[in-house]
Ligand code: FEO
């Protein structure tokens, strides 16, 4: 795709990755993604904000063919899907300087071996004049890594936010055209990379409140021309109150755990509680992550495999622990043949969760068995409102 003008002398560059299926070798990307870079031609200087995944370097370099001079490369974030093509851009424009904060500078030196003398480091709130356009750098840490910044273009009221407000959506549209599709993709990305740091994300939201923002231009997905839509969604996601829903990631090998899961789902539905069910043998764990953004309760269902939980159940527990959602309650249901430590191993995998552990329910053997080795999970103790 060629460069596309957003506002006068401000252009969207970058590449749409229609085929990417996985991010961080972890979370599925059902809608592909994009790596957005932005070119700003000031009356005196020209700046490029972020670059692209190295695999797409040829696309960005092609878009820069018509650019006679590049003065600055703004690095909002050191992760390679945005920084990885900086070395090639520097080769093409040897006079350009990389502008970022000191922490990101260190990372870019470590990751990409960019020489130290190629950097201009900026502090929080510092500005850089391009002549008739002014860039202001806003520290917005942990929108994904600790070094991340956003860049605000004052005259055009555009916030270039990199991963912050980003969505993994491959689209030919410049602006968000399907809000619900983009919101789900943005929530998936938030859940994977920002949810563990939501207290800091809330502070970042407070920080950008004082800026008048007409456009949010992230480095993944389409541009938001109604910024309040995604800002309000983020406010909801980072809020302290979970919603009254129960997430049940489960695995069943011979159907015994499935019976328990089905019984629990029936009781919860009868009680008017929203349930999100994920068969871990086939599920998209990104959808599991999305539901964890709001849920009050998780119940992990697992059979016993080689004396422990099924590895897929343990993986779901480990992922949930890493994402640190605002859960209030957790429990485990499952089956076993002759014993085991499924419950202990899952509990030991979720030390980060500030939850009340509800009594587990384990069924010995036969799926019709009523012999349970612990009290039933008491759904009356799950929150009726959250
Ligand atoms: Fe889109 Fe943290 O990189």
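Each reported figure results from applying straightforward, stated rules to the coordinates on display, with no laboratory input. These figures come from a predicted structure and were not determined experimentally. Don't worry about glycine lacking a Cβ; one is built from the backbone with ideal geometry, like all the others, and counts go over all protein chains shown.
Of note:
- Take 128-138, 214-224, 146-156 and order them by the average number of nearby Cβ atoms within 10 Å per residue, most first; the result is 214-224, 146-156, 128-138.
- Max mean-square fluctuation residue, GNM over the chain, Cα-Cα springs under 10 Å, options 238, 251, 265: 265
- Å³ per residue enclosed by the Cα convex hull of the range 244-374: 93
- Extension gain (nm, one decimal) between residue 68 and residue 241, 0.36 nm per residue minus Cα-Cα: 57.1 nm
- Calculated FRET value between residue 254 and residue 341, using beta carbons and R₀ = 22 Å, to 0.05: 0.65
- GNM flexibility winner over the chain from 161, 331, 43 (Cα, springs under 10 Å): 43
- Model label sites at residue 109 and residue 55, defined 7 Å from Cα along the beta-carbon direction, differ in position by 3.1 nm.
- Each stretch of four or more DSSP H residues adds -39500 (n - 2.57); spread over every residue of the chain, this sum gives -8500 deg cm²/dmol at 222 nm.
- Compared with the alpha-carbon gap, the fully stretched path from residue 120 to residue 262 is longer by 45.2 nm at 0.36 nm per residue.
- Folded to 0 to 90 degrees: helix 179-193 orientation relative to the chain principal axis, Cα: 80
- In whole angstrom, the chain maps to an equivalent ellipsoid with semi-axes of 46, 20, 17, each derived as √(5λ) from the alpha carbon gyration tensor and ordered largest first.
- Against the chain, whose longest principal axis is taken from its Cα atoms, helix 256-270 shows a tilt of about 80°.
- Between helix 198-208 and the chain there is an angle of about 30 degrees, using the helix long axis and the longest principal axis of the Cα atoms.
- Prolate/oblate/rounded label for the range 183-278 (Cα gyration tensor, a/c 1.5): prolate
- Of 163, 294, 117, the residue with the greatest mean-square motion in the GNM of the chain, using alpha carbon springs below 10 Å, is 117.
- The antiparallel fraction among DSSP beta bridges confined to the range 266-365 stands at about 15%.
- Among beta bridges from DSSP that stay inside the range 4-238, the antiparallel ones total about 65%.
- Label separation (residue 318 vs residue 178): 3.4 nm, computed from points 7 Å beyond Cα along the C-beta direction.
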